[in-house]
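Reading through the structure tokens given below for one structure.
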Number of protein chains: 2
Amino acid sequence: MAMMETPLNTWLLFGHAPRYFPDTEVATRFPDGHVHRYTYADFARRAQQLMHALDALGLEPGERVATLAWNSYRHLEAYWGVPCTGRVLHTLNLRLSPEDLTYVIRHADDRAILVDPDLLPLLEKVHARGGLEGVRHLVVLGDTVPETTLPGVSAYEELIAGRPSAYPPRDIDEIAPLGLCYTSGTTGRPKGVVYTHRSTVLHAIAASSQAAMAIGPGDCVLPVVPMFHANAWGMPYTATPYGAKQVFSSGPLDPAALVELMAAERVTVAAGVPTIWMSVADEIEARGGLPELRHLLCGGARPPRSLIERYRRDFGIPLIQVWGMTETSPLASLAWPKERMRDWDEQRITDAVRTRAGLPLPGVQMDIRDEEGNSVAWDGESMGDLLVRGPWVANSYLGDEGAAGFTEDGWFRTGDIAIGSPHGYVVIADRAKDLIKSGGEWISSVDMESAVMALPEVAEAAVIAVPDDRWQERPLICVATRPGSTVTLDRIRDHLERSGFARWQLPDRIEVMEAIPRTGVGKFDKKALRARFDS
Amino acid sequence: MAMMETPLNTWLLFGHAPRYFPDTEVATRFPDGHVHRYTYADFARRAQQLMHALDALGLEPGERVATLAWNSYRHLEAYWGVPCTGRVLHTLNLRLSPEDLTYVIRHADDRAILVDPDLLPLLEKVHARGGLEGVRHLVVLGDTVPETTLPGVSAYEELIAGRPSAYPPRDIDEIAPLGLCYTSGTTGRPKGVVYTHRSTVLHAIAASSQAAMAIGPGDCVLPVVPMFHANAWGMPYTATPYGAKQVFSSGPLDPAALVELMAAERVTVAAGVPTIWMSVADEIEARGGLPELRHLLCGGARPPRSLIERYRRDFGIPLIQVWGMTETSPLASLAWPKERMRDWDEQRITDAVRTRAGLPLPGVQMDIRDEEGNSVAWDGESMGDLLVRGPWVANSYLGDEGAAGFTEDGWFRTGDIAIGSPHGYVVIADRAKDLIKSGGEWISSVDMESAVMALPEVAEAAVIAVPDDRWQERPLICVATRPGSTVTLDRIRDHLERSGFARWQLPDRIEVMEAIPRTGVGKFDKKALRARFDS
């Protein structure tokens, strides 16, 4: 007997927002331009009505309740309402093909699905493939049920209406499952990561840190990253108890509307993948900046240096790199500058900090190992496989698939190739499978992309390996140019050579396209590019 | 199987500073003006040498290793070195009387004591009272052992010298004891609070939050609050893994030296009791401010409004109130403004936020109960006993003493009388025992002190209850004036009436003294005042 053994479950955090932040707002912009707005007091009442509704549906503890939904206040209600009843929230990736969705829903053994109205046609395709055989309840996130071929669909608002708005806290074991998210599956079938109450509560607390997202009660946050993707980087689980105002942009990305929303709601911190911040930069410039934005969190892929510099120089906005994966909840490292760098100029900080994947968060441990499995020195040069461990890192996939991803001594193999800097920052050289092996030496596709995107005529660039008889692999540059611009292979080779690339590393093939294809979470889809050009 | 069940013990955090912040500094100023300076790489090597030294002393796991020491880098080494070996760090309060120290050392069953050289005479007095009978090792925190009547004293530097600087991590259960701290005991004997690895790790992570101390890798922190007092509010356990530079001021407070140290080391965040910030305000003014200081954390007692206003107005430094107790690790609430208040002027924020004890940190739950034990509304008026609970709140005292301090339904009774504001901020009206009951109504001693200290001629003021035949109790004002000033009872009554106090609340007795006596942790010592004037 010493300190209280309070379980780390969602009930520890759920009561905070309604009690201490009852009039703080949650704002959701819908694609038609309408902004829905309510307070945390409203949120908590409705989330508790949802808890009663889930009980009324007869779902058992531990059963999966899925969402197939854009970011919105109703999705936020499910984030808290589902786990607070002891059930498991499964966030379905709406960018998956009907085939993959069918696989995932069946694999997860989902019992109920909460679906946005415009995604019903997608679910109909899943139904046609037999994907909904185990699903007993379909709930459309709206007032009424639109026309659909799906049987027995009910409306969310009707489901929760009239139910009590207070729900007695449950004594949930902290290692009970809370959520389920499938990796986007760039290789093989998607694999399920099961979050526990403990891992999510720890992550929620750690994420508010000055070393992490740095969000507190004075903030207004906007996760552009989807709520179906690694819990929107955990932002909703942090912002809610810490009392930050939350803003959601529902539906597909509309750069002009997004920037207008950020300005109108006075967002202080937003989070998204680099391609998002590329898409909206011109809009921010046209508006003359976003003076209330304190910093942008940028992860999922390495942002090109030119993007970091543009935001800093033209808008005065630091772009803070975030590194993590679905398997790491996801925050593992963030690139904040150190006390020792207080007098450094921006150029030096960009070199040493902003172009890196960050300092590991306390709680997360990292190791970089060579091919023999020995830890390499953090000397800024030695490269190896990045391994992580910690209380919010997965130790397995659902059904014990992909066991090779976990070492016998308790680490998760990220599949990233990394370098540790002497300053303690981790540099992601590449995904293991994206690294180009040419003539026995390695070329980082990410480094090359970053350099190519610094060219003014280039809008986007992705580099993939193509087989080569003599050199084993050679880099191929896929480029989308800015409107009215053109670019040649020579121009790119010349620029890369001046940027420090060796002659043997320079690409000898270019493919110009209208836009680089993207994955469901907005990253460049190299799998699709390889399929197109590898042959 | 889902997420790693990594235990929350000190080893989860200890490796962070040397690996990711090897060249970040720890600076300690000693009373002779000398500043010792080393890096986290040095710190970690020496802390691990200490771990080996503790093993060599033959101490068993779970045995208590005490410190009787000022803030310093060696004290920091003990903070980590002792718990990482599975032993328990007992921070002795050097302001206690030899009698109380004797009681505490025997009660805790301390096996070893690490003591600062200038505190050996105090320990000699404890020895004379038989307080060291169970203590097997006395280690003086220095290079050599000064002259002393104590037998068998060794020197810290000799003890750790030559030992290996790497220590294999131990697999410590997260609910194993990590530390022990006695409450300062304003009533009755001091009682021991036992911190666990889990509670301290959770607190360390939560304390770095933007809603808490808001410290990260870019910061330089100075805990003016002693390391023997509730772990210096947990600052060393947070700053070390988060990579903030740490600055310690060793020895008794010297206002001019402290301000000089803050300026020279470029401190961004400092923590201390209100009397500290009162003492140094003139020094800060003489220096024209401290431009690199971002905010001051102020707790242990409610700071007078005039102090808050002076720091804000004259120095541009927000004074952030912190509320907590030894039993709460200690951070329970901090007074940060909310998003809804972004457009408020400073006056309004001072009223609603800065003069309050804060918003509870996520993880900490609070309840205010009336005399019948019913929760009262957070309406800005209803007053009651403040109860708290959470994973870093004590559920008992060592030896199960003071069991009345814990409710059957799992809450800790703080002994504070509080009001909850509709905005969610808690207001500490008074310590239950300091509230003045006059003619059946309550007078808050803290409110009255805060008002009196706004008078320019008053340096410090403390209000206590004195027995009264007719009214039961009446307020007595104890005042220390500024140099060259005088103050009268009439002047104070007049000022209080204009400040909104009712006529029946006005004091009818004043005692002018050179300085208000203080407790071991720098708060006004009302127990001493009552002993002097109650008769």
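Quick one: of the DSSP bridges fully inside region B:286-405, what percent are antiparallel, nearest 5? If I count the DSSP bridges inside region B:286-405, around 75 percent turn out antiparallel. If you average the alpha carbon positions of region A:415-469 and of region B:317-353, how far apart do those two centres end up, in angstrom? Comparing the Cα centres of region A:415-469 and region B:317-353, I get a distance of 46 Å.
Of the three principal axes defined by the Cα atoms of region B:4-145, the extents in descending order read 47, 43, 24 Å.
Roughly speaking, what is the stretch gain from A:A528 to A:Q347, that is 0.36 nm per residue apart minus the C-alpha to C-alpha distance, in nm to one decimal? Before the final figure, lay out each step's value.
Details: separation 181, 0.36 × 181 = 65.16 nm, distance 3.53 nm.
Stretched fully, the A:A528-A:Q347 segment lengthens by 61.6 nm.
Lysine pair count for chain A (Cα-Cα distance under 22 Å; residues 8 or more apart in sequence or on different chains): 10. Looking at the protein assembly as shown, what % of its DSSP beta bridges pair antiparallel, to the nearest 5? Approximately 55 percent, going by the DSSP bridge assignments. Here's how it looks for A:A270: its modeled amide H is under 5 Å from those of A:L222, A:H295, A:L297, which are all 5 or more places away or on a different chain.
Find the accessible area per residue for region A:21-252; the probe is 1.4 Å, ligands and nucleic acids are left out, and the unit is Å². It would help to have the intermediate numbers written out before the result.
On the way: 6940 Å² over 232 residues.
Per residue, region A:21-252 has an accessible area of 30 Å².
Take region A:436-533 with all the other protein chains still there, run a 1.4 Å probe, and you get 48 Å² of accessible area per residue.
Across peptide B:5-12, what mean number of C-beta atoms from other chains lies inside 10 Å of a residue's C-beta?
Details: counts 8, 13, 1, 5, 0, 0, 1, 7.
The per-residue average across the peptide is 4.
Annotation: amide H-H contacts under 5 Å for B:T24 (H modelled 1.01 Å from N, sequence separation of 5 or more, or interchain): B:Y40, B:A41. All C-alpha pair distances within region A:436-533, sorted into 5 Å bins from zero, spread as 3, 14, 26, 26, 19, 10, 3, 0 percent across the bins.
Computing the accessible area with a 1.4 Å probe over protein heavy atoms, can you report the carbon and sulfur percentage for the protein assembly as shown?
Accessible surface attributable to carbon and sulfur in the protein assembly as shown totals 48 percent.
Starting from the label point of B:V35 at 7 Å along Cα→Cβ, the same points in the other copies fall at 4.8 nm, in ascending order. Taking θ as phi - 60° and the Karplus parameters 6.51, -1.76 and 1.60, the scalar couplings of region A:283-296 work out to 5, 5, 5, 4, 8, x, x, 9, x, 8, 6, 8, 7, 10 Hz in sequence order, x denoting glycine and proline.
Given a Förster distance of 45 Å, report the FRET efficiency between A:R313 and B:E60 from their Cβ-Cβ distance, rounded to the nearest 0.05.
Numbers: r = 60 Å, r/R0 = 1.34.
So the FRET efficiency works out to roughly 0.15.
How big is the convex hull of the Cα atoms of the protein assembly as shown, per residue, in Å³?
Numbers: hull volume 188.6 nm³, N = 1070.
It is 176 Å³ per residue.
Once the C-beta distance of B:E5 and A:F30 is scaled by a Förster radius of 25 Å, the resulting FRET efficiency is 0.05 to the nearest 0.05. Annotation: B:E285 carries an accessible surface of approximately 100 Å², with a 1.4 Å probe and no ligand, DNA or RNA atoms counted.
Here is the interface size for A with B: some 6400 Å² of accessible area buried, both sides summed, with a 1.4 Å probe.
Evaluating 6.51 cos²θ - 1.76 cosθ + 1.60 at θ = phi - 60° for every residue in region A:122-133, the Karplus couplings come out as 5, 5, 4, 5, 5, 4, 4, 8, x, x, 10, 4 Hz, glycine and proline recorded as x.
By the gyration tensor of its Cα atoms, with a ≥ b ≥ c the square roots of the eigenvalues, what is the shape of region A:283-343: rounded for a/c under 1.5, prolate for a/b over b/c, or oblate?
oblate
Model label sites at A:A432 and B:D508, defined 7 Å from Cα along the beta-carbon direction, differ in position by 8.4 nm. Using the Cβ-Cβ distance between B:S499 and B:E441 with R0 set to 25 Å, the FRET efficiency from 1/(1 + (r/R0)^6) comes to roughly 0.90.
Counting only other chain Cβ atoms within 10 Å of each residue's Cβ, the peptide B:20-30 averages 3. Relative to the other identical copies, A:G289 shows label-point distances of 2.0 nm, where the label point lies 7 Å from Cα along the Cβ direction and values run shortest first. Derived value for chain A: Kirkwood hydrodynamic radius 24.1 Å. Basis is the mean of 1/r over every pair of different alpha-carbon atoms.
One Cα centroid belongs to region B:105-140, the other to region A:163-218; the line between them spans 47 Å. Placing a label point 7 Å from the Cα of A:E124 along the Cα-to-Cβ direction, the distances to the matching points in the other copies come to 9.3 nm, shortest first.
Within region A:411-472, report the GluC sites (Glu not before Pro) that DSSP leaves as loop and that have at most 14 other Cβ atoms within 10 Å. Mind dumping the intermediate values first?
Values: sites: A:E441, A:E449, A:E457, A:E460; in loops: A:E457.
Passing both the DSSP loop test and the Cβ count: A:E457.
For region B:315-363, accessible area lost to neighbouring protein chains reaches 50 Å² or more, against the chain alone with a 1.4 Å probe, at B:K338, B:E339, B:R340, B:R342, B:P362.
Averaging Cα coordinates gives a centre for region B:58-85 and one for region A:221-261; these two points are 44 Å apart. Taking every residue in A:215-225 and counting other chain Cβ atoms within 10 Å of its Cβ, the average works out to 4.
Counting only DSSP beta bridges whose two residues both lie in chain B, roughly 55 percent are antiparallel.
The values are calculated or read from the model by the stated rules, or taken from the named source; none is laboratory data. Since we're looking at a predicted model, the values are computed, not measured. With ideal geometry, Cβ positions are generated from the backbone for all residues, glycine too; neighbour counts draw on all protein chains shown. Just the protein is used for accessible areas: all its heavy atoms, side chains included, with ligands, DNA and RNA removed. Shrake-Rupley method; radii C 1.70, N 1.55, O 1.52, S 1.80 Å.
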